[in-house]
1. Return yes when ARG201 is within 16 Å of the ligand (Cβ to nearest atom) and either outside any helix (DSSP H, G or I) or in the same structural domain as ALA409 (by TED's automatic domain parsing) (or both) and no when it is not.
2. Would you be able to tell me the number of residues in the range 58-91 that are of a type in the set (Ser, Thr, Tyr) and within 16 Å of THR133 (Cβ to Cβ)?
3. Can you tell me how many residues within the range 387-437 are among the aromatic types (Phe, Trp, Tyr), more than 14 Å from the ligand (Cβ to nearest atom) and surrounded by 24 or more Cβ atoms within 10 Å (Cβ to Cβ)?
4. When the range 38-68 is examined, which residues are found to be in a loop (DSSP other than H, G, I, E, B), modelled with pLDDT of 95 or more and at negative phi?
5. Does any residue of the range 231-254 turn out to be in contact (Cβ under 8 Å) with a residue 60 or more places away in the chain and of a type in the set (Phe, Trp, Tyr)?
6. Please determine whether any residue of the range 403-417 is among the polar types (S, T, N, Q), touching a Lys or Arg at 6+ places or on another chain (Cβ under 9 Å) and not assigned by TED's automatic domain parsing to the domain that holds LEU116.
7. If we scan the range 39-58, do we find a residue that is over 18 Å from the mean Cα position of the chain (by Cα) and within 23 Å of PRO240 (Cβ to Cβ)?
8. Within the range 341-357, restricting attention to residues that are touching a Phe, Trp or Tyr at 6+ places or on another chain (Cβ under 6 Å) and of a type in the set (A, V, I, L, M), which residue is surrounded by the most Cβ atoms within 10 Å (Cβ to Cβ)?
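The values are calculated or read from the model by the stated rules, or taken from the named source; none is laboratory data. Every value quoted in this text rests on a predicted model; they were computed, and no experiment measured them. Counting neighbours? That spans all protein chains shown, and the Cβs are built from the backbone with ideal geometry, glycine included.
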Amino acid sequence: MNTVIARRAGTLGSVLRSLTVPLTDADLPKSADGTLSSFLVPESLCWVRRDEGLVGLGNVSEFTVRGPERFAEAQDWWAARTAEAQVQDRVGVAGTGPVAFGSFAFSKLSGKDSRLIVPRLLVGLREGNAWLTMNSLHDDVSEEQARAEFAAWLASNQGCKPKGSFELSTGALSEAEWMAVVAEGIKAIDERSLEKVVLARDIVARSSAPIDRGTVLHALLRRYRECWTYGVGDFVGATPEMLIKVEAGVARARVLAGTVDRAGAPDDPGYAAQMLLDSEKQRQEHEFAVRSLIRQLAPFAADLHFPTEPFILELPNVWHLASDVSAELAAVGNHLPNSLALVEALHPTAAVCGTPRTEAGALIRELENFDRGPYAGPVGWLDSAGNGEWGIGLRGAVLENEFQARLYAGCGIVGASDPAAELAETWAKFRPMLQALGAQE
Ligand SMILES: C=C(O[C@@H]1C=C(C(=O)O)C=C[C@H]1O)C(=O)O
């Protein structure tokens, strides 16, 4: 507790001022890849799907944290930061007023930071509303100033940069070593009566030219229309999986588990159905993930809705089995749980850890041999009214320096898994980032 108080004193300082004004069509640029793509510059904070979402620029306040209490400490910081904020919100929907973008490490033991960042400027587009928010700690906020900085932001976008040529190398483990780890995982599932464990690996992509973060975000957004393209600090990607979205007292999740590579496969939904819906292994893997999410969400729900049958989610690289779950939230004490409280309760799901959770987590630590950092951790945003959207940080990379990206991918392992097939699946899951970087066609 003391550390939380010390952190607050150390990082809060001045009062946050926040102004949100509506934007009209006339204010917004037109672009073939969607309005929000015009706001993707190298430093942008990003949470966009199709042409809806939030893009931020600048950093007026940031909280970084590590360890098992990272979610609770981030909630405390955000509560204190927003409780005393001076807010003028002329739009008043989810995502207006003060908003922070966030990215959290997968593991409580990670040596990498989790963070919340309050941007200087934010452009939001959702359900027919468009808005501009300006935040400040040290000066007054005015519409005139916000619009001037908004214009400068747009003018600074120099478009997509040419890409370098890439050299790929393995990360913590070679392919053979990783397949041996998967084989160990399968053995442990039998011996320790686990149902499922998710095992991941990393690869490194080195570029001959500086990697332009804005160009990478733009490429992800353009190709992965069904996914949420994210960029928070050095972590970028396009995830198909929604850990939890909270809006107006309703929580929604998209659970994925069960994957078929589309490369070389017939372009036929019948083939996907056969490989996924008719496969006992894939369905079992999916079932574990859905059941575990429902179990974790139930204590917060007045009413819970989930399908009896999964659907097939088609992405450019893979097909997944998918289930959309929703819940009307129940008050805990006098309050509805906010999005970050739900993140804390739900992470890590069986989609990225396994079942039972504690045993699967221990097995990951034992076998994987690397720090996942933000990979498979929650990534998204939250506002001061409790709303937020948090994806699972998949299909992403950490841009480690100007020339180097580290990519991550993992697979749900069950008793019937085959190490070589799982290795191939990681390549399918690396594809979105490899293509966005320009390391693959
Ligand atoms: C772990 C990842 O993906 C997860 C694992 C899946 C699977 O094993 O079928 C499918 C979707 C995700 O829940 C990843 O992309 O790295």
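1. On the way: within 16 Å of the ligand (Cβ to nearest atom): yes; either outside any helix (DSSP H, G or I) or in the same structural domain as ALA409 (by TED's automatic domain parsing) (or both): yes.
Here the answer is yes, as ARG201 does meet what is asked.
2. At the first step, the residues of the range 58-91 found to be of a type in the set (Ser, Thr, Tyr) are 61, 64, 82.
Of the ones still in play, those that are also within 16 Å of THR133 (Cβ to Cβ) are 61, 82.
Summing the residues that are of a type in the set (Ser, Thr, Tyr) and within 16 Å of THR133 (Cβ to Cβ) in the range 58-91 gives 2.
3. The qualifying residues number 1.
4. Answer for the range 38-68, where residues must be in a loop (DSSP other than H, G, I, E, B), modelled with pLDDT of 95 or more and at negative phi: LEU40, VAL41, PRO42, GLU43, SER44, ASN59, VAL60, ARG66, PRO68.
5. First, the residues of the range 231-254 that are in contact (Cβ under 8 Å) with a residue 60 or more places away in the chain: 231-254.
Next, only the ones that are of a type in the set (Phe, Trp, Tyr) stay: 235.
Within the range 231-254, one or more residues are in contact (Cβ under 8 Å) with a residue 60 or more places away in the chain and of a type in the set (Phe, Trp, Tyr).
6. Residues of the range 403-417 among the polar types (S, T, N, Q): 404, 417.
From what's left, touching a Lys or Arg at 6+ places or on another chain (Cβ under 9 Å): 404, 417.
Keeping just the survivors that are not assigned by TED's automatic domain parsing to the domain that holds LEU116 gives 404, 417.
Yes, the range 403-417 has at least one match.
7. yes
8. Within the range 341-357, the first condition is being touching a Phe, Trp or Tyr at 6+ places or on another chain (Cβ under 6 Å), and the residues that meet it are 343-344, 350, 355.
So of that shortlist, the ones also of a type in the set (A, V, I, L, M) come out as 343, 350.
Values: VAL343: 24, ALA350: 28.
Here the answer is ALA350.
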